[in-house]
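Engineer: Here it is, the structure in full.
The values are calculated or read from the model by the stated rules, or taken from the named source; none is laboratory data. The model shown is predicted, which means the values in this text are computed figures rather than measured ones. As a convention, Cβ positions derive from the backbone with ideal geometry for all residues, glycine included, and neighbour counts pool all protein chains shown. When the accessible area is computed, the model is the full protein with side chains, heavy atoms only, and any ligands, DNA or RNA have been set aside. Shrake-Rupley method; radii C 1.70, N 1.55, O 1.52, S 1.80 Å.
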Amino acid sequence: MELPAECDGLFRAPQSLVLEAHVPSLAAYRERYRRSVEEPHEFWDDVAKEFYWRSQHSGPFLKYNFDVTKGKIFIEWMKGATTNICYNLLDRNVNEKKLGDKIAFYWEGNEPGDSMKISYSELLHKVCQFANVLREQGIKKGDRVSIYMPMIIELVVAMLACARIGALHSIVFAGFSADSLCERILDSNCSLLITADAFYRGDKLINLKQIADEALQKCKDKDSPLKNCIVVKHLGREEELVSDGICSKSPPLKRLCQDVQEKETESSKRFHPKTPWNSHVDLWWHELMKNASKECEPEWCDAEDELFILYTSGSTGKPKGVVHTVGGYMIFTAATFKYVFDHHPEDIYWCTADIGWITGHSYLTYGPLANGATSVLFEGLPIYPDVSRMWSIIDKYQVTKFYTAPTAIRLLMKYGDEPVKKYSRKSLKVLGTVGEPINPEAWLWYYRVVGEERCPIVDTFWQTETGGHVLTPLPAATPMKPGSATFPFFGVVPAILDESGEELEGEAEGYLVFKQPWPGIMRTVYRNHQRFETTYFKKFPGYYVTGDGCKRDKDGYYWITGRIDDMLNVSGHLLSTAEVESALVEHSSISEAAVVSHPHPVKGECLYCFVTLRDGQKFTTALMDELRKQVREKIGPIATPDYIQHAPGLPKTRSGKIMRRVLRKIAKNDRDLGDTSTVADPAVINHLFSNRCETVL
Ligand code: 7RM
């Protein structure tokens, strides 16, 4: 008898999904899991065998030290083996698996109807051409290349071309400011920047090249070795198509053409953003590509050679360059993608994350391509031009597996069921979430309305640092509980520790840690191995510390309770309060700032800022605007404060540490402060309570 989808508060996959699943039952998951942790070598070797290795590893399959008291922390999987990840993602799929004509990406632009597609063999050719361009620019194995681009196919081409020649890409999300880009270019000593002219995010024009130029100017002042900037003509290419008379073939371009005719001045502004140009530095992508050969011998890399750097916020305010390596990252993203989304060749997969974040690296690029998958790459926004956009795309491409963030679900949920139901979601089989805890209300809406109670939801917990999913359901195997990331992925051994570092058994709540490495774990913080050791291994020797709190229930399900350090998660993006505070205090009117996370119905968390003014300064709305602008410029729009409260004094410990725990309660108007005996001056608390900021800016 078929079990009902929901039974005892557990949700199960329908029989149709179970029948075709790679892991069809909880028992099958448990058996494979047991093997993966008892015999990690054999388990991962089986995964590795699906890939091409130029030469086999020489030493042990896995070697590591997780215990700072025993010396340097290191993790090595398959050291001595040589391969190339780009070769495995493209050449192997084209030549060996005969997937050359299969679509790698359907690109859907910001404007509905603006779309294109690229097959595996076309992608291989473009990547080879651009890899040759990079070599011509003098980029060699081990060099760093900074990529600052919108969600376009050239972004994938650029990253894979780096991987092909063994250069490290450092992708900076195109929503980051010039300061943030500059800081990242300098930290990783990049020798090249790749960007685009401009793009639209909804109806907002982003002059990316202009921001990149500001960043380069700042870098130049600081002696950066960066010499050149390669620029994709993205908005400009539409302009060329129009002038060539091609626009009538493409509906969105036609729409823009009509706009141009109807509202001459305004649309031409919209349509012809002028690209600032410095002929000593700047190079057009399409000109470099014109004569580049479509053949390019890959650089054979050690499994432990560095693949890329991706910056993530750190609690000190300075971002950390998380480093992943070739072999382990390849097999881990490939295996997690296959099992967590239960991938099959006919799937159409859509991950809405930006490639500028780890989710876009692992589950829009490396994982799907390693599996020969067909994906949707979407440039636009969930509610542009209307709130049905996501569902219309699912219908248009007949998406089967859909992966997005709780913040997007909460945003779309606000508009009710009608915009969803306007489109068919019959193609959908598995839904996924990532980035932050999902509240059961949003989970149930996603399950009932979007998935029509037919699609399991994989709530995937992981981090930039983990490279791929570490706690996650497998769609046909794991009975789901709304809000729980359920169980560990293969090879991952979680534990919950109390403050003293004792492992807690059974039902428990405490620090989430991992006891042994899986192939996709980060290897170091770029040029700061000590920071890697202190951040993740020092607090509890012998364990990798996630920085998240976690609860295990009586059935052994894991529930993430959120960050336990001074970090916050805005719309799935991790920010450190220190980073925002330092942006605020750079303003000449501010002497001190304390920032706490505050619950937000859509973004999950948002920023509530307390600022202390310098003597003689006044707290005005103009000042608030300046502060918000300043944070946007220093960090990016994602960090724009929602609340700014004037704080003549801040609650501090005697040693001068700001008590953010108390500030969080003040922001929420929660008078249950717990122990305040360590507050140096209790009077400031009352003052802050009576001057709370009630309205969102
Ligand atoms: C993939 C990614 C990592 C932090 C992590 C958590 C939070 C991510 C979930 C989650 C609850 C989830 N990388 N987080 N996924 N919390 N449930 N399914 O987001 O480096 O940007 O952030 O995100 O706090 O430590 S990240």
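Engineer: Rounded to a whole number, what is D in µm²/s for the range 547-697 from Stokes-Einstein with the Kirkwood radius over alpha-carbon pairs (25 °C, 0.890 mPa s)?
Structural biologist: 151
Engineer: Only helical DSSP H runs with n ≥ 4 go in: add -39500 (n - 2.57) per run for the chain, normalise by residue count and round the 222 nm mean residue ellipticity to 500 deg cm²/dmol.
Structural biologist: Rounded to the nearest 500, the figure is -8500 deg cm²/dmol.
Engineer: What percent does the relative contact order of the chain come to when contacts are Cα pairs within less than 8 Å and at least six residues apart?
Structural biologist: Reported relative contact order: 13 percent.
Engineer: Would you work out what percent of the accessible area of the chain, with all protein chains in place, is carbon or sulfur (probe 1.4 Å)?
Structural biologist: 49
Engineer: Shape of the range 159-207 from its Cα gyration tensor (a ≥ b ≥ c, root eigenvalues): rounded if a/c is under 1.5, otherwise prolate when a/b > b/c, or oblate?
Structural biologist: Oblate is the answer for the range 159-207, as a/c is 1.5 or above yet b/c matches or exceeds a/b.
Engineer: Taking every DSSP beta bridge that has both residues in the range 425-504, what percent is antiparallel when rounded to the nearest 5?
Structural biologist: Of all bridge pairs located within the range 425-504, approximately 50 percent are antiparallel.
Engineer: Further question on the same structure: Where the centroid of each part is defined by its Cα atoms, how far is the range 82-98 from the range 390-454 in Å?
Structural biologist: 33
Engineer: Of Asp681, Asp213, Asp8, which has the most accessible area and how do the rest follow, probe 1.4 Å?
Structural biologist: Largest accessible area first, the residues go Asp8, Asp681, Asp213.
Engineer: For Thr612, Thr534, give the ranking by accessible area with the largest first, probe 1.4 Å.
Structural biologist: Order by accessible area, largest first: Thr534, Thr612.
Engineer: How many times 2.2 N^0.38 Å is the alpha carbon radius of gyration of the range 484-575?
Structural biologist: 1.10
Engineer: Gain in length, Asp555 to Glu507, computed as 0.36 nm per residue apart minus the alpha-carbon separation, to one decimal in nm?
Structural biologist: 16.5 nm
Engineer: Please calculate how many Å² of accessible area the chain carries per residue, with a 1.4 Å probe and no DNA, RNA or ligand atoms counted.
Structural biologist: Heavy-atom SASA per residue in the chain reads 39 Å².
Engineer: What's the tally of Lys pairs in the range 91-232 whose alpha-carbon atoms lie under 21 angstrom apart, where the two lysines are 8 or more places apart or on different chains?
Structural biologist: Close lysine pairs under the 21 Å cut-off: 16.
Engineer: I'd like the trypsin sites (Lys or Arg not before Pro) in the range 423-529 restricted to DSSP loop residues with at most 12 other Cβ atoms within 10 Å, sorted by number.
Structural biologist: Lys426, Arg527
Engineer: Classify the range 109-148 as rounded, prolate or oblate from the Cα gyration tensor: take a ≥ b ≥ c as the square roots of its eigenvalues, call it rounded if a/c is under 1.5, otherwise prolate when a/b beats b/c and oblate if not.
Structural biologist: oblate
Engineer: Between Ala680 and Lys204, what FRET efficiency follows from the Cβ-Cβ distance if R0 is 45 Å, with the result rounded to 0.05?
Structural biologist: 0.50
Engineer: Moving on to the next point. Using the alpha carbons of the chain, what is the convex hull volume per residue in cubic angstrom, as a whole number?
Structural biologist: Per residue, the Cα convex hull of the chain comes to 174 Å³.
Engineer: Right, another one. Of the beta bridges DSSP finds with both residues in the chain, what % are antiparallel, to the nearest 5?
Structural biologist: Taking every DSSP beta bridge within the chain, about 60 percent pair in antiparallel fashion.
Engineer: Where in the range 105-214 are there GluC sites (Glu not before Pro) that are in a DSSP coil and have at most 11 other Cβ atoms within 10 angstrom of their Cβ?
Structural biologist: Listed in order of number, the matching sites amount to none.
Engineer: How much of Phe689 can a 1.4 Å solvent probe reach, expressed as accessible area in Å² and rounded to 10?
Structural biologist: Per-residue accessible area (Phe689): approximately 10 Å².
Engineer: If you don't mind, there's one more thing I want to ask. Could you compute the net charge surrounding Val94? Neighbours are other residues with a C-beta less than 11 Å from the C-beta of Val94; K and R count +1, D and E count -1.
Structural biologist: Within the 11 Å Cβ shell, the charges total 0.
Engineer: In addition: Lysine pairs, Cα distance under 22 Å, 8 or more residues apart or cross-chain: how many in the range 317-425?
Structural biologist: Close lysine pairs under the 22 Å cut-off: 6.
Engineer: Going through the range 132-173, which trypsin sites (Lys or Arg not before Pro) have at most 16 other Cβ atoms within 10 Å and a DSSP loop state?
Structural biologist: Answer by residue number: Lys140, Lys141.
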